[in-house]
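Report on one structure; see the data block that follows.
The values are calculated or read from the model by the stated rules, or taken from the named source; none is laboratory data. What you are looking at is a predicted structure, and each value in this text was computed from that prediction instead of being measured. For neighbour counting, all protein chains shown are included, and Cβ atoms are generated from backbone atoms with ideal geometry for every residue, glycine included.
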Amino acid sequence: MTKHVYSGLALLTIIILSPAATPAALTETCLTGTAPDVANDAQQIRAVRKMVDATCVCSSFNGSPGHTHIRYVACATDVINAQVAAAHLRTRCKGTVTTFYRNSTCGMNPALHTEPCIKTVTESGKVTCTIKATTKKDGSTPSGQCTNGRTFTQVACPAYTTCIDAADTNGNLIIAAPGDTGACVPTPTATPSNTPTVTQTPTVTLTLTPTITPTQTPTATNTPTATPTQTPTNTPTNTPTATQTPPATPGWFDDFESYQLGQFPSPPWINSGNNQAYVDNTESVSPSQSLKLFGVVGGCWGAWAHRYFALQPPFSIGFYVYNGSEALSGCHPWRGEAALYTGPSWTYQSRVLISFDGDGRIISGSGVDLGPFASNTWYEVQIRYEIIAPATVQLSYWIGDVYEGSYQSPSFSYESSLSYLSFQAAEGSAWFDNVGISLQGPTVPPTAPPATPTDTPTDTPTP
């Protein structure tokens, strides 16, 4: 009898402690998890995608040096990281959204005519999508990469630039059967073009404003009108506030001598990106201070400094730049950069003026290789910005007073809204000094060589 009693108690204990009685654990997987916060994933992802598409315009990444697929993905990653940091996107969804932009044609070699290619396995019905070249490097010979095989079918979707837009037929932000059909999503809202159609404007020798060599020493006409009185801060500010009203002065010059050492220069300068941006005295042109920016190496998080201007083109920009020598991770494959923005944050639309790539080359805003540069060396840069036709912008370059040419590119729809001169360190250190913007500037030499057409992307950067 005792034996049977103990057996019954043991059985009761097993039933009570059985794992089957424990509720299933909630999962946090992006879009498919069971936790309550997963319900917000789709809405958050769509909002972030709108920001990426507005900031990283696919047509601006044409495969030329400085406008490659790597640069495009880096641009998208910056936006995504910022939204994760701001708690506007769950960390679990960061990889999902980044993959959307890795699987895109933006910045790919245009000669390859890359397109989203949807593959359906015949036996299992599994649906996947990858970006594939439809032609070889000659631009005309079919590659045969997106064709049917013995155990699968494939279909190219030339109307789209990303796999997620091409293959997600049920709109749930996941490419998978049975929800997705394996066909291209019908009726696109726009017809993207992967091969830019450009009318190359013949070179015209222009006489700009009478020759005035920008001086890197402040004068009575370009010295800041007032000593900043607000306490500097390293906290990045991505959205202008009432205290950041742009100054009335149309042009300006700054040698960073009036700011507190070790602090971000007070307004009218505005910081965005990371806050490793401050006035420094380890490197300078004159007299003793400069602006140092540092992009996190391997962290995909650059530092920007923006300042408003009220000039209408044509105008000239002048500055000195000193690039550090840190080994770059490749996430942001360039060091210092100057650009024009429509607002005081990296999230606004922009036109790149010049960048100093991680491979030691100076790249113009339209992707032209202007020559090599050495790390840990000051370079004087002068750029003349003109709108020479309703749809054409011309940028002329001088490096160390040597004219490097004038290059034309199509104007952006937001060109007239560019009103902030901005400097960036994408990865590693970059110092800027004696920066200014003015209506006056250098003149293109009368015997200038023809401008190189740059809107037809090159396959490989100039060695």
**OP:** State yes or no: is Ala87 more than 14 Å from the chain's Cα centre (by Cα), surrounded by fewer than 17 Cβ atoms within 10 Å (Cβ to Cβ) and assigned to a helix (DSSP H, G or I)?
**Re:** no
Original post:
Do the conditions hold for Pro178, that is, is it surrounded by fewer than 17 Cβ atoms within 10 Å (Cβ to Cβ), touching a residue at least 40 places away in the same chain (Cβ under 8 Å) and assigned to a loop (DSSP other than H, G, I, E, B)?
Top reply: yes
Original post:
Just one of Ser286, Ser329, Ser258 is modelled with pLDDT under 95 and farther than 20 Å from Ser375 by Cα; which is it?
Top reply: Ser258
Original post:
Do we have Thr151 as of a type in the set (Ser, Thr, Tyr), surrounded by fewer than 20 Cβ atoms within 10 Å (Cβ to Cβ) and touching a residue at least 40 places away in the same chain (Cβ under 8 Å) here?
Top reply: no
Original post:
Restricting the search to the range 262-307, which residues are of a type in the set (Ser, Thr, Tyr) and either in a loop (DSSP other than H, G, I, E, B) or surrounded by 24 or more Cβ atoms within 10 Å (Cβ to Cβ) (or both)?
Top reply: Ser266, Ser272, Thr282, Ser284, Ser286, Ser288, Ser290
Subject >> Candidate set from the range 399-417 (those that are closer than 14 Å to Gly365 by Cβ and aromatic (Phe, Trp, Tyr)); member that is surrounded by the most Cβ atoms within 10 Å (Cβ to Cβ) >> reply: Tyr407
